[in-house]
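Here is the structure we will look at.
The values are calculated or read from the model by the stated rules, or taken from the named source; none is laboratory data. Worth saying up front: this structure is predicted, and the values here are computed from it rather than measured. Note: ideal-geometry Cβ built from the backbone for every residue, glycine included; neighbour counts use all protein chains shown.
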Amino acid sequence: MSRHGLHRITRHRPGPRRKAIALGVVGGSVVAGIVVTMMPLLASDDLSIRAAADTTATVVTQDGDNAAKSTLATCATRCDGNPRGGREAVIEFAVTTVPAAAVNVRATLRVHAWQQFAATVTAHASPLSAREARPAPKPAGAALDTVTGVSKGFNEWDISRLVTGNGTWTVSLAQTGLDTRIYWASAENRDPELRPRLVISYDIGARPSPVTTTRPAPPPAPTPSASPTTAAPKPSPTVAPTRTPTPSAKPTVAPGKCGVVSDKLVPSCGAWWGMYSPSGAASGWNHGKAVADVEAQVGRKFDIVHRYHDFSNAGSNGAFPDEYEQQQMREGRLMFFAWESRNYSTGTSLTWADVYSGRQDATIDAVAGRIRDAKVPVFMGFDHEPEDEPAKGSDADFVRAWRYVYERFAKAGADNAVWVWTMMGWSGHYSRYAGLYPGDSYVDWVAYDPYNFHVCNGSTVWKTPSTTVGGFYRWLDDNGIGAGKPRMLAEFGTNFNSADRSAKQRWFQEFPAALKAHPKIKAAIYFNSSGMTTRTTTCDMTMNHDASALAGFAEAGRDPYLRQPTGGSR
């Protein structure tokens, strides 16, 4: 979100920001004045369902009894020189525990491959029986989802169009683009963690009925504090992409048990748990204490500490890592520096042309040198939520500025910077994200900022964690932007519900299950500031605004999925 309570001046701007209802993205997912009304939804426990049966469909005699093998196989029609060698992996799931009142059912198929392949594999609704020893391939049913570029480890297909609730559902995987076999772990694999899974999430509540209405106004901006705070949202014009991004293979994570971290800071399982906690004049702007105090409340260290910095190259605002961050790094935390092309003290902003013209080279090089000299990997972002920055230039200008900063860091030898591209993720900007994407070779992580605003935004809708994070997640899957990149919730948060005071506690308790149902999210950072919205008797987005909310957040932080054997959670 563009209003960071501590480090940027917040100004109100009109425009499509923080609409009444959101589909897991900052500002809401309402398009052009259309909102929906619905009964409040309650989150389900996400279901992880094992395959009931699987087999490989083939006419190759040598394949034998495929229903009892520890591997499944796919291959194109011409396979390993055989013009009739095509194979399809066929997997059956028996779904029995989705409640009758479930709505918004989402289903993700997860199948493990041992190697990376330049192949396209499409999940289809299958007419075949997964219980036959060697069924002959038949014309595929409806295509459900496609993976372009098979990754080592689990690959995922959204099969929500097929799996609508309880029933027996059979999926086939069909391969093109590579005429040699790919082997996948089957339900007979001796390692149960590698077997195919169907991950289902849903909400409980009434189905929405569309209603046309006017857009609610964004919340008023908070009053700037003595130390400059974050700048507010700003919609910018649509610009055609300067380059069509090409999906890349997923980052390689070293094999082995949990606790392995790649050179791009991707944990081998689970997700990092992070915090943005603002400081203030009352504490002497002690940014270290701001985090340590919250850690004491929740009973653990955070894996990631998120801070916002400017282009002043001075003081804690611009000369980073500062003393607090250096200490936090020494104590084992990962740092995420969100670097913004503005000056907090003066309240002025640069344009992206100012950045790529060379006029800021001294500042860029000084920051790159300090990052290099930190000698540990750090998360680095440039102008998060650029779709909200109309005064800084066009989308193409943003891409040019991002690449310019990236290349100067590379020239300075700051190869320990892990680059995080952070968007609002609002559906009203979906048409722009291809034009804002700098390209796979310039981005290491894809991030977005989802919130359950509830009445903070003039809405009566209570979004579950899965609904909150799911909208832009699915859009990324459908559109291939940053394909294969790990994902991050660079900011996330929830309001409380004055009509149900335990709702926020339950929201936090349910959050780990939502992450497990969206496994490409490998880091989640809570934005613990009241400065992003106006704090009222019905609106408070901080995680510790009352004892029950804090208890729920602390419980989420104890979930094994969010307790990495490395980093702050030790």
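What to note about this one:
- Checked against the criterion of being closer than 24 Å to residue 486 by Cβ, surrounded by 21 or more Cβ atoms within 10 Å (Cβ to Cβ) and modelled with pLDDT of 90 or more, the candidates 171, 163, 121 yield just one match: 121.
Here's the yes/no breakdown for (1) assigned to a strand (DSSP E or B); (2) surrounded by fewer than 24 Cβ atoms within 10 Å (Cβ to Cβ); (3) free of Cβ contacts under 8 Å to residues at least 60 places away in the same chain:
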residue: 414; (1), (2), (3): no, yes, yes
residue: 421; (1), (2), (3): yes, no, no
residue: 430; (1), (2), (3): no, yes, yes
residue: 434; (1), (2), (3): no, yes, no
residue: 447; (1), (2), (3): yes, no, no
residue: 463; (1), (2), (3): no, no, no
residue: 468; (1), (2), (3): no, no, no
residue: 492; (1), (2), (3): yes, no, yes
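- Screening the stretch 76-104 for residues that are under 13 Å from residue 172 (Cα atoms) and in contact with a Phe, Trp or Tyr (Cβ under 6 Å, 6 or more places away or on another chain) and picking the one that is surrounded by the fewest Cβ atoms within 10 Å (Cβ to Cβ) gives 93.
- Qualifying residue in the stretch 320-330 (condition: without any contact (Cβ under 8 Å) to a residue 60 or more places away in the chain, out of contact with any Asp or Glu (no Cβ under 6 Å at 6 or more places or on another chain) and under 26 Å from residue 398 (Cα atoms)): yes
- The strands (runs of 3 or more DSSP E) found wholly in the stretch 40-117 and carrying at least 1 residues that are under 30 Å from residue 498 (Cβ atoms) occupy 102-113.
- Test: residue in the stretch 313-321 that is part of a strand (DSSP E or B), surrounded by 15 or more Cβ atoms within 10 Å (Cβ to Cβ) and touching a strand residue (DSSP E or B) at 6+ places or on another chain (Cβ under 7 Å): no
- Residue in the stretch 429-446 that is of a type in the set (Ser, Thr, Tyr) and in contact with a Leu (Cβ under 8 Å, 6 or more places away or on another chain) present: no
- Failed condition for residue 302, given (1) closer than 24 Å to residue 385 by Cβ; (2) touching an Asp or Glu at 6+ places or on another chain (Cβ under 8 Å); (3) surrounded by fewer than 23 Cβ atoms within 10 Å (Cβ to Cβ): (3)
- Of 531, 471, 480, all but one fail to be at pLDDT below 95 and either among the aromatic types (Phe, Trp, Tyr) or under 12 Å from the mean Cα position of the chain (by Cα) (or both); the exception is 471.
- When the stretch 495-510 is filtered for residues that are in contact with a strand residue (DSSP E or B) (Cβ under 8 Å, 6 or more places away or on another chain) and surrounded by fewer than 24 Cβ atoms within 10 Å (Cβ to Cβ), the ones remaining, listed by number, are 503, 506, 508, 510.
- Put simply, of 180, 170 the only residue that is at negative phi, assigned to a loop (DSSP other than H, G, I, E, B) and in contact (Cβ under 8 Å) with a residue 12 or more places away in the chain is 180.
- In this structure, residue 549 does not qualify as in contact with a strand residue (DSSP E or B) (Cβ under 7 Å, 6 or more places away or on another chain), touching a residue at least 12 places away in the same chain (Cβ under 8 Å) and among the small types (Gly, Ala, Ser).
- Any chance residue 346 is more than 20 Å from residue 291 (Cα to Cα), among the polar types (S, T, N, Q) and touching a residue at least 40 places away in the same chain (Cβ under 8 Å): no
- Restricting attention to the stretch 511-568 and to residues that are closer than 28 Å to residue 482 by Cα and hydroxyl-bearing (Ser, Thr, Tyr), the residue that is surrounded by the most Cβ atoms within 10 Å (Cβ to Cβ) turns out to be 526.
- When 501, 474, 487 are checked against the criterion of being closer than 26 Å to residue 439 by Cβ and in contact with a helix residue (DSSP H, G or I) (Cβ under 9 Å, 6 or more places away or on another chain), 487 stands alone in meeting it.
- Any hit, the stretch 351-364, residues being touching a residue at least 60 places away in the same chain (Cβ under 8 Å), in the same structural domain as residue 523 (by TED's automatic domain parsing) and not aliphatic (A, V, I, L, M): no
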